[in-house]
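S.K.: There's a structure below that I have some questions on.
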Amino acid sequence: MRIGDLAVPEVLRALDSRVAEVRYRVVLTLGAIGASDPAVIPALLKALADRESKVRHAAAMSLGDVAKALRASDEAHGSMKNVLGGTGLLGSALADDRDQKRVRARIGRQLRELASPGLAGCLQSEDSDMRVIAGLAIGELGKNGRPATAELLKLLRHDDPKARALSVYVLGKLGPGDDEVVGGLCQATADDDQEVRTRAAWTLGELATGAKMAVPALRKALDGDSNTQKAAAQALGAFGSDAAPAAPQLLKLLSKGDADARKIAVTSLGAIGAADGVVPALVKALDDSEEGVAVVAALALGEVGADAGDAVPRLLESLNGEAKLPRLVAVRALGLIGAPAKAAVPGLLRAIGDTDAEVREEAAQALGRLKASEALPRLIAALSDTEDDVRGKACDALIEIGEPALEPLLELFEGKRRQADSKTRVLVTAIFSETGEADRVVPALARALKDRDKTVKFAACAALGALGPKAKAAVPELAKALLDPRLGLVAAEALGRIGPAAAPAVVQALGSARGVTQLAVLHAITKLGPAAKDALPALISLVRKGGSMGTQGAVASIGEAAVPSLQGLLNDSNYAVRRRAVMALGALVPTPNRPWTPSPGSCGQERTRLPLPKRWARSARTQRPPWMRCSTP
């Protein structure tokens, strides 16, 4: 809890002060406290009716600050779940946050049900500053501000153009709305004020909803002033093929507009696709006097895709230019056009030898998209390129080509080992991990586990793990790698991904594992779960002896089958053994509202109370060992 949270009651009392400056400071303080106390919102709504305009302005601004803080808190919460998801730490981290989550949910409801209508009432104020501050605060509410939609639509009819522009801006901040919102914005595209028209067109593109109403309105806006034309043209691109009826007007803008207008028109035509006359116009735009327009035209042809096959000869001409940018975008467009650009393979083979690394990178990607098996020698050579990005794209391209690439890659990986550096061979393992021909690559990857280069061994382990159950033929070699101190954990991960077929080898390895290698074996057992139940006697023995810190998690991963053995340890005369048994049993207990995931070596913070041995029953709760006091009531 922060100091601000503790101060809320005192701060709220100060809101009744007769001194305007005190009330003003109190309101700012409440806004700074933010989304941490539900009492803040009602207090700020009360301040919206203060007799002093300064206080009212601060209250509206603070409501926006609370909404912004709530959104930031929710985003941080989501990021935490993404980072910790799937780990044993997620449960305890979320447990600490549950009360805060309930508070945030309550504040969100207050913003939607109380703050939004309260701020909406300020939109019709004669105080223009108050209108602006309240509008911006509603925009910060996001979807929670939708109850203010009716007042915002009413504001669209205000005499002041600045008020109408504010309304358009805030409606855009609230996100996609209903037909009434789209209709209001469509009417605003014909407003007398240029700023309102431009902002309304741009907002329709941002929302990209209600195409049946928006596209006709945006087509009319294309006949307006220059700024409105550009905003409408850009917005039409957001509707994709639904904006095809506007293609003739965009083609007209492309032929008569200034350079910026032509760029926007070209981009939107590419998003609309192969409407009548679009591809020929884009091909013509490749010769535009403004290089920027020509570059955007090439990218737009790539967006059109396979329907832009007629543009291939002209794009091939661009590959021979001296300027880098036209070559780069031409290569990209040819790759995006796909199968109709097969005739471009010879040109792309030349481009993969270009002096510029970005051009080589795009050429490799394009050859992969075209699945050009005739490009295999050049792509395999590109795996040794001086630039990592080019090597990576060549790797991706070989994955796209698939089966035809396996034989030469196997030859490179094993037959010509001395001619391939470790980086190249690591990339080859990545290609093998994505293949559908596991039977052909698994033996080579298994042999690579004995390679002298440790990076190749690590990569081979990872590739076998990525292949999963298809790599079961490599289990014997992975089991040996499991006992390698440097390779053990990676091998454990791979064996866990292979699944039940790896369980016998892992159980056998547990008998000879010590120290770091024992940790690796325990990790493998944890990954395998109940499939490794044959390891239970050895694991119980480790619990008795102390074992590695991952022992409790490995036992817990076996599931319910481990419970009788662990309960037997609760009567052991050794305190440390009892403690480890309770920890393992605790890891087996599922937490409400969360699927069971064992947390190796962790007692955790959420427990149902475990039954105690009879001789402990008379002990007071406060006299129990500390590790027994974390149970929930």
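The values are calculated or read from the model by the stated rules, or taken from the named source; none is laboratory data. All figures in this text were calculated on a predicted structure; none of them were measured in a lab. Cβ: placed from backbone, ideal geometry, glycine included. Neighbour counts: every protein chain shown. Calculation scope for accessible area: heavy atoms of the full protein, side chains included, ligands and nucleic acids excluded. Shrake-Rupley method; radii C 1.70, N 1.55, O 1.52, S 1.80 Å.
S.K.: Under a 1.4 angstrom probe, counting protein chains only, how are 575, 169, 24 ranked by accessible area, largest first? List each step's numbers first, then the result.
M.R.: On the way: 575 105, 169 80, 24 50 Å².
In descending accessible area the options line up as 575, 169, 24.
S.K.: So, one more: To the nearest 10 square angstrom, what accessible area does residue 158 show with a 1.4 Å probe?
M.R.: Approximately 50 Å² for this residue.
S.K.: Something else about it: Figure the gain on full extension for residue 541 and residue 514 (residue separation times 0.36 nm, minus the Cα-Cα span) and round it to one decimal in nm. Numbers along the way, then the final one.
M.R.: Numbers: separation 27, 0.36 × 27 = 9.72 nm, distance 1.39 nm.
Full extension from residue 541 to residue 514 adds 8.3 nm.
S.K.: While we're on this one: Tell me which of 281, 394, 406 sits at the most positive position along the dipole axis of the chain, charges placed on C-beta atoms (Lys, Arg +1; Asp, Glu -1).
M.R.: Of the options given, the answer is 406.
S.K.: With N set to the number of residues, divide the alpha-carbon radius of gyration of region 163-263 by 2.2 N^0.38 Å and report two decimals.
M.R.: Relative to the 2.2 N^0.38 Å estimate, region 163-263 comes out at 0.98.
S.K.: Okay, next question. Distance cut-off 23 Å, Cα to Cα: go down the list 454/533; 46/162; 470/527 and report the pairs above it. Could the numbers behind the result be given before it?
M.R.: Details: 454/533 32 Å; 46/162 27 Å; 470/527 17 Å.
Over 23 Å apart, Cα to Cα: 454/533; 46/162.
S.K.: For residue 54, give me every one of the aspartates and glutamates with a C-alpha distance below 16 angstrom, ignoring sequence neighbours fewer than eight places off in its own chain.
M.R.: 16, 21, 126, 127, 129
S.K.: Which of 45, 302, 585 sits closest to the plus end of the dipole of the chain, meaning its Cα is farthest towards the positive end, when Lys and Arg get +1 and Asp and Glu get -1 on the C-beta?
M.R.: Comparing the listed Cα positions along the dipole, 585 ranks first.
S.K.: Give me the orientation-averaged projected area of the Cα convex hull of region 261-326, in nm², one decimal.
M.R.: Working: hull surface 15.9 nm².
Quarter of the Cα hull surface area: 4.0 nm².
S.K.: Report the charge-dipole magnitude of region 91-212 in Debye, nearest 20, computed about the Cα centre from +1 at each Lys and Arg Cβ and -1 at each Asp and Glu Cβ. Mind showing how you got there, number by number?
M.R.: Details: 18 positive and 19 negative charges, 122 e Å.
Magnitude of the dipole: close to 580 debye.
S.K.: Could I have the simple spin-label model distance between residue 227 and residue 260, label points 7 Å from Cα toward Cβ, reported in nm to one decimal?
M.R.: 1.0 nm
S.K.: At a 1.4 Å probe radius, carbon and sulfur cover how many percent of the accessible area of the chain?
M.R.: On the way: 15640 of 29970 Å².
Here it works out to 52 percent.
S.K.: Per 0.36 nm of contour for each residue apart, how much would the distance between residue 180 and residue 32 grow if the chain were fully extended, relative to their Cα-Cα spacing? Please list the in-between numbers first.
M.R.: Working: separation 148, 0.36 × 148 = 53.28 nm, distance 3.54 nm.
Full extension of this stretch gives 49.7 nm more.
S.K.: Could you sort 314, 578 by their accessible area in this structure, using a 1.4 Å probe and putting the largest first?
M.R.: Putting 314, 578 in descending order of accessible area: 314, 578.
S.K.: Still on this structure: Using r as the Cβ-Cβ distance of residue 437 and residue 388, and R0 as 22 Å, what FRET efficiency do you calculate, to the nearest 0.05? If you can, show how the numbers build up before the last one.
M.R.: Details: r = 27 Å, r/R0 = 1.21.
Using R0 = 22 Å, I get an efficiency of 0.25.
S.K.: Sort 61, 213 by heavy-atom solvent-accessible area, probe 1.4 angstrom, most to least. Present the calculation step by step, with values, prior to reporting the outcome.
M.R.: Working: 61 95, 213 75 Å².
Accessible-area ranking of 61, 213, largest first: 61, 213.
S.K.: Please report how far the C-alpha centroid of region 107-152 lies from that of region 516-555, rounded to the nearest whole angstrom.
M.R.: Computed from Cα coordinates, the inter-centre distance equals 58 Å.
S.K.: While we're on this one: Give, rounded to the nearest 20 debye, the magnitude of the charge dipole that the chain has about its Cα centre when Lys and Arg contribute +1 at Cβ and Asp and Glu contribute -1 at Cβ. Present the calculation step by step, with values, prior to reporting the outcome.
M.R.: Numbers: 83 positive and 73 negative charges, 839 e Å.
That gives a dipole near 4020 debye.
S.K.: Charges only on Cβ, +1 for Lys and Arg, -1 for Asp and Glu: so what's the dipole of region 394-452 about the Cα centre, in debye to the nearest 20?
M.R.: On the way: 9 positive and 11 negative charges, 109 e Å.
Magnitude of the dipole: close to 520 debye.
S.K.: Here is a further query. Given the pairs 423/457; 68/173; 393/450; 263/342; 393/423, which span a C-alpha to C-alpha distance of over 18 angstrom in this model?
M.R.: On the way: 423/457 12 Å; 68/173 13 Å; 393/450 28 Å; 263/342 28 Å; 393/423 14 Å.
Long pairs (Cα-Cα over 18 Å): 393/450; 263/342.
S.K.: On to the next question. Sum -39500 (n - 2.57) across every DSSP H segment of at least 4 residues in the chain, then divide by the residue count to get the 222 nm mean residue ellipticity, nearest 500. Could the numbers behind the result be given before it?
M.R.: Values: 35 runs with 404 residues, N = 633.
Helices in the chain give a 222 nm mean residue ellipticity of -19500 deg cm²/dmol.
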